[in-house]
Every structure is written in structure tokens, then in C-alpha cells.
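Heads up: the structure comes next, in C-alpha cells.
The values are calculated or read from the model by the stated rules, or taken from the named source; none is laboratory data. These numbers come from a predicted model, not from an experiment. Please note: Cβ atoms are built from the backbone with ideal geometry, for glycine as well, and neighbour counts cover all protein chains shown.
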Amino acid sequence: MSIETWLLFLIVSLAPVMSPGPGILFGITNALRYGVKTTIIIGIVNALGITALGLAVGFGLGALMKASMLAFTILKIFGAGYLIWLGIKIWRDRSAFAIDAERSTKAAPMRRLIAQALAISLTNPKAMVAIAALFPPFINQHASTGLQIIILAVSYGALCAANHVLIAYSGNWLRRFLTTEKRVKRLRRVTGGMFISFGTALAVSSRP
């Protein structure tokens, strides 16, 4: 994998990493309730789970891509279609980002939060589909597939961790931003549009 391909993967991955999903909403909730330190710790746990999920999905995809061009095409179209549908859903869903902004005065229940972070990351449907749709266009069949999958999975997980750090330090701003109905509506439309654009781009992408 060339450095250019890897950088392009990072850029394209920003859309699904930063768009609303179970992990993002969990991170925002933690930022609003428990503050910076807890949000970062739990975000790193979530990112480790996403990395493990990426490895599992990626190696399964590697075998699939070698076995069948038709299977690869069907999977790519399905993933792109799902992302477009998810974008439309986010655009229209008035409950997206409607989170209780009250800061908890109790100590953060770390064991429960860690368990929730792992459960959310390892069973995250948005992450599964995003990884399944993202990895194939960036895997070069003429190079070591296994090494490329590891690089992509770790990179995707690192982006997720960085995003949770950003969320952690944006808690106060998020508290004000998400309590304004007009801004929440605008945010839904921006993120929904990102998903629709991302899914459309994947649908017309070609296999390397």
C-alpha cells in the first residue's frame, strides 16, 4: 500500500468515523455527563474494539475478494446502499443528537462504561458496514493483503480514538450546541449528507 493510498483512506474514513452512530452518541453522552478524562479512556476502549472488529471483518473480506468478483461487487453495492439509507435516516430523524445535557455529579461507573464501550464497538452495525465498504477499494491484490488489512484496521481505530478525544474536549461546547434545536437540525443534515455522499462515492468506485 502506497502512502498516497493510505492518506486517501484516512481522508475518506473521516466521514463514517465522525458521523453519528452508537459509538459517537455514547462518547457525546460521556462527555456531557462525566467530563474529559472518562470520555478519553472509554473512547480508547471503544477504538480498540473497533480495531478488533476491523481485523475480523477485514480478513473475512480478504478471503471473499479472492474467491469471487461477484460477491465483492454485491457486498460493495449493499454497503453503499446501506450508507445512503443511513444518511437519509439521520437527515430525517429528529431524535438524532437529542441527548440529555445534564452533567452528572456522581463518579463515573468505569467498569460498566468499559463493558458498554466494548459491546458497542464489537456489535456496531455502522462500523461493520463502513469497514466492509471502506476496505476493499484500498486493498491492493498484488501486495500482502494481511498487512494491508492490519494497517487499515489500526488506522481506522486510531481515527476513532482521535475523534473521541475531540469529543471529550468539546463537552462544554456540545452541551450548548446540542440544546439549540436549529443547530441540531443543521448538524443532522450535514452528517446525513456526508453519509449519502460517501455511499454514492463507494457505489461507483472500482476494485483495485
### Task
Only residues in segment 145-173 that are touching a residue at least 60 places away in the same chain (Cβ under 8 Å) and hydroxyl-bearing (Ser, Thr, Tyr) count as the first member; pair them with residues that are surrounded by 17 or more Cβ atoms within 10 Å (Cβ to Cβ) and in a helix (DSSP H, G or I), Cβ under 6 angstrom, at least 6 apart or cross-chain, and list the lot.
145/62; 156/13; 156/54
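Matching residues to (1) at pLDDT 90 or above; (2) of a type outside the set (Lys, Arg); (3) not in a helix (DSSP H, G or I):
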| residue | (1), (2), (3) |
| --- | --- |
| 126 | no, no, no |
| 140 | no, yes, yes |
| 187 | no, yes, no |
| 194 | no, yes, no |
| 197 | no, yes, no |
### Task
Only residues that are surrounded by 17 or more Cβ atoms within 10 Å (Cβ to Cβ) and of a type in the set (Gly, Ala, Ser): list them for segment 1-50, please.
13, 15, 19, 21, 23, 27, 31, 43, 47, 49
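Here is a yes/no grid of residues against (1) at pLDDT below 85; (2) within 30 Å of residue 172 (Cβ to Cβ); (3) touching a Phe, Trp or Tyr at 6+ places or on another chain (Cβ under 9 Å):
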position: 15; (1), (2), (3): yes, yes, yes
position: 18; (1), (2), (3): yes, yes, no
position: 59; (1), (2), (3): yes, no, no
position: 70; (1), (2), (3): yes, no, no
#### Entry: segment 184-204 residues that are under 18 Å from residue 136 (Cβ atoms) and of a type in the set (Gly, Ala, Ser), paired with ones that are at pLDDT 75 or above and assigned to a helix (DSSP H, G or I) (beta carbon under 6 Å, 6 or more apart)
199/84
### Among the residues listed as 156, 169, the single one being buried (at least 16 other Cβ atoms within 10 Å of the Cβ) and on the phi < 0 side of the Ramachandran plot
156
